[in-house]
Amino acid sequence: MTTHYVAGVFQDAPSFKQALASLIDDGFPHEAVSVLADQQALDAHILDDAPPAEDEADDHSVVKTAIHLFAEGLATIGMIGTAGVAYAVGGPIGLAATAGDSTELTVENFLADHVDQDHHQIYEQAIQQGGVVCWVHVQNDDEENRARRVLNARHAEHVHIVHRT
């Protein structure tokens, strides 16, 4: 059976948080969303308890709940050079990380399994530079189109469809 994801990179956490709120508003459960980022980006921008900006106030509780659930599923997946540890958080990608042997799984190998070859190095570099990689598990063409539209509208870069068998 083939599993489908829409994947993209956010250069900043506020854009990711807005995308997460939009995905949830569009009917995607938080369990369908996975995130990969380095520890500093997670701690400083995603797992923080900073109050929302005025234009994010309506989405704050939904996003905060989803982020809290991501934090419960935190899984270390390997080192990024000497920069630090990367994490897979929540959703199906997070489950894949916790199912693997994290002592032998590198970010490079993990990305090779979860993004297309053309995007592998781009995503790894984005993580090293503090970016946030986001996957949305989709069940059909309608969900694929909706997820792609949300990621693009919230300024995700390198958005593409990943097919895993």
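The values are calculated or read from the model by the stated rules, or taken from the named source; none is laboratory data. Quick caveat, the model's predicted, so the values are computed rather than measured. All Cβ positions, even for glycine, are placed from backbone atoms using ideal geometry, and neighbour counts span all protein chains on display.
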Suppose we keep only residues that are of a type outside the set (A, V, I, L, M, F, W, C) and in a helix (DSSP H, G or I) within the stretch 1-34. Which one would you say is surrounded by the most Cβ atoms within 10 Å (Cβ to Cβ)?
17
With the condition kept exactly as written, say whether any residue in the stretch 115-125 is modelled with pLDDT of 90 or more and of a type in the set (Val, Ile, Thr).
yes
Does residue 89 satisfy the condition of being among the hydrophobic types (A, V, I, L, M, F, W, C), within 25 Å of residue 139 (Cα to Cα) and modelled with pLDDT under 70?
yes
Can you say whether residue 110 is at pLDDT below 70 and in contact with a strand residue (DSSP E or B) (Cβ under 6 Å, 6 or more places away or on another chain), as far as the supplied structure shows?
no
Go through the residues of the stretch 141-163 one by one and say whether even a single one is farther than 15 Å from residue 34 by Cβ, of a type in the set (Gly, Ala, Ser), outside any loop (DSSP other than H, G, I, E, B) and modelled with pLDDT of 75 or more.
yes
